[in-house]
Amino acid sequence: MVGTFASEDSLAAEPWAVRLKTPFIVTGGASTKITELVHHHWPAYRYVFEEVINSYYAARQVCQYSHDILVRGRGYR
């Protein structure tokens, strides 16, 4: 299986990939729960791969970028 648009779709399809032992490449879902399941239940969820950066790291990058530009670059507090 390839491609899901939202995290909800990805989380709903994950158990099916496990049951059917079918590789599943997540292309749109960014929830941290997608990779948590893989990490905590590796033998079963080894068929699931996430291609996009998850929401935690995306939020960290946005905050760091904003801080660098607005606080350091423009002098905002």
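The values are calculated or read from the model by the stated rules, or taken from the named source; none is laboratory data. Bear in mind the structure is a predicted one, so any value in this text is a computation, not a measurement. Virtual Cβ from ideal backbone geometry, glycine too; neighbours counted across all protein chains shown. The area values use the complete protein model at the heavy-atom level, side chains included, leaving out ligands, DNA and RNA. Shrake-Rupley method; radii C 1.70, N 1.55, O 1.52, S 1.80 Å.
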(request) Note the direction-averaged projected area, equal to a quarter of the hull surface, for the Cα convex hull of the chain, in nm². (result) 5.9 nm²
(message) Per residue, how large is the accessible surface of the chain? Use a 1.4 angstrom probe and give square angstrom.
(response) 74 Å²
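Let me check against my output: what whole-number percent is the relative contact order of the chain, with C-alpha pairs under 8 Å and at least 6 apart?
For the chain, the relative contact order is 28 percent.
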(request) Would you please name the chymotrypsin sites (Phe, Trp or Tyr not before Pro) within segment 1-60 that are DSSP coil residues with at most 15 other C-beta atoms within 10 Å of their C-beta? (result) F5
(request) Calculate what fraction, in whole %, of the accessible area of segment 3-77 sits on carbon and sulfur atoms when a 1.4 Å probe is rolled over the protein chains. (result) 60 percent
